[in-house]
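Presented below is the structure to which this report refers.
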Amino acid sequence: MRTFQEIKDNYRFTSEDIETLKGLLPVVSPHTETIVADFYDLLLSIPDTAKFLQNEAKLTWLRGQHEKWLLTLFQGPYDESYFQRLQRIGHAHVRIGLSAHFVYVGMNLIRQRLHRIIETEVDPRQQEAAFRAVEKILDLNLDIIARTYHEEELRRVFLSHKLDSLLIRF
C-alpha cells in the first residue's frame, strides 16, 4: 500500500495546488449545497443507488457529510488524517455494497459542477491553475476511495484461495 505522501507525490500535488484550492474556497463554498443537491438528485434517479437513500434522516445526514467532504477539498489539511477519512469513506461504500461504478459517476458530476464554477467565477488568468488543482484533488480522492474496492476484492480472492487450500488439505 502506498503512503498518502507517495500518492500526493505521484500526482505532483504541490504547495501551489494547495494554495490554489484554498483560494477557491470562497468561490466554491456558496455552491456546495447546490452541488450536493444535484449529486443526490442524480443518485435518487438511479434505481441501483436510490435504494440506499430511502431513509430521510439518513439522507439528510449524508447530505451534510457530503457538504463537509466537498469543503475539505478546498480546506485541507491534506495530511494523514485526511487520507484516513477518505479510506473510511471507501470502506463505508464497500460495506453497504455500493458499486464502485457509482463512485465514479458521482465524482464525474462533482467534477462537472466545479468546472462550471471555475469557468464562470474565476479570473481567466487563474483558471488553468484552478482546473489543474481541482483535477488533482478530485483524482486523489477518487484514487483513495476506489482503492478500498480493489483491496476488498484482493482480500476476497485471498480468503477464497486460502479456503480452497484449506479444503483441499482437509
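Assorted remarks:
- Filter pass, Arg63 being outside any loop (DSSP other than H, G, I, E, B) and either of a type in the set (Val, Ile, Thr) or under 17 Å from Ala146 (Cβ atoms) (or both): no
- Any hit, region 106-126, residues being hydrophobic (A, V, I, L, M, F, W, C), open to solvent by less than 70 Å² (accessible area, probe 1.4 Å) and more than 22 Å from Ser29 (Cα to Cα): no
- The conditions of being open to solvent by 30 Å² or more (accessible area, probe 1.4 Å), in a helix (DSSP H, G or I), under 16 Å from Val27 (Cβ atoms) and touching a residue at least 12 places away in the same chain (Cβ under 8 Å) are not met by Arg147.
- Tally, over region 71-90, of residues that are without any contact (Cβ under 8 Å) to a residue 40 or more places away in the chain and either open to solvent by less than 30 Å² (accessible area, probe 1.4 Å) or not in a helix (DSSP H, G or I) (or both): 2
- Of the criteria (1) closer than 19 Å to Leu140 by Cβ; (2) open to solvent by 70 Å² or more (accessible area, probe 1.4 Å), which one Pro30 fails: (1)
- Within region 91-105, considering residues that are under 10 Å from Ile145 (Cα atoms) and of a type in the set (Gly, Ala, Ser), the one surrounded by the fewest Cβ atoms within 10 Å (Cβ to Cβ): Ala92
- Leading residue by the ranking (nearest to Thr20 (Cα to Cα)) among those in region 105-126 that are more than 22 Å from the chain's Cα centre (by Cα) and not hydrophobic (A, V, I, L, M, F, W, C): Gln126
- Residue in region 15-22 that is surrounded by fewer than 13 Cβ atoms within 10 Å (Cβ to Cβ), free of Cβ contacts under 8 Å to residues at least 40 places away in the same chain and either not in a helix (DSSP H, G or I) or not acidic (Asp, Glu) (or both) present: yes
- Within region 38-70, the set of residues being open to solvent by 80 Å² or more (accessible area, probe 1.4 Å) and of a type in the set (D, E, K, R) comprises Asp41, Asp48, Lys51, Glu56, Lys58, Lys68.
- Unmet requirement for Gly64, which otherwise passes all of (1) over 21 Å from Ile137 (Cα atoms); (2) at pLDDT 95 or above: (1)
- Leading residue by the ranking (nearest to Glu6 (Cα to Cα)) among those in region 68-97 that are among the aromatic types (Phe, Trp, Tyr) and over 12 Å from the mean Cα position of the chain (by Cα): Tyr78
The values are calculated or read from the model by the stated rules, or taken from the named source; none is laboratory data. Computed from a predicted structure; not experimentally measured. All Cβ positions, even for glycine, are placed from backbone atoms using ideal geometry, and neighbour counts span all protein chains on display. We work out accessible area using only protein heavy atoms, side chains counted, and drop any ligands, DNA or RNA first. Shrake-Rupley method; radii C 1.70, N 1.55, O 1.52, S 1.80 Å.
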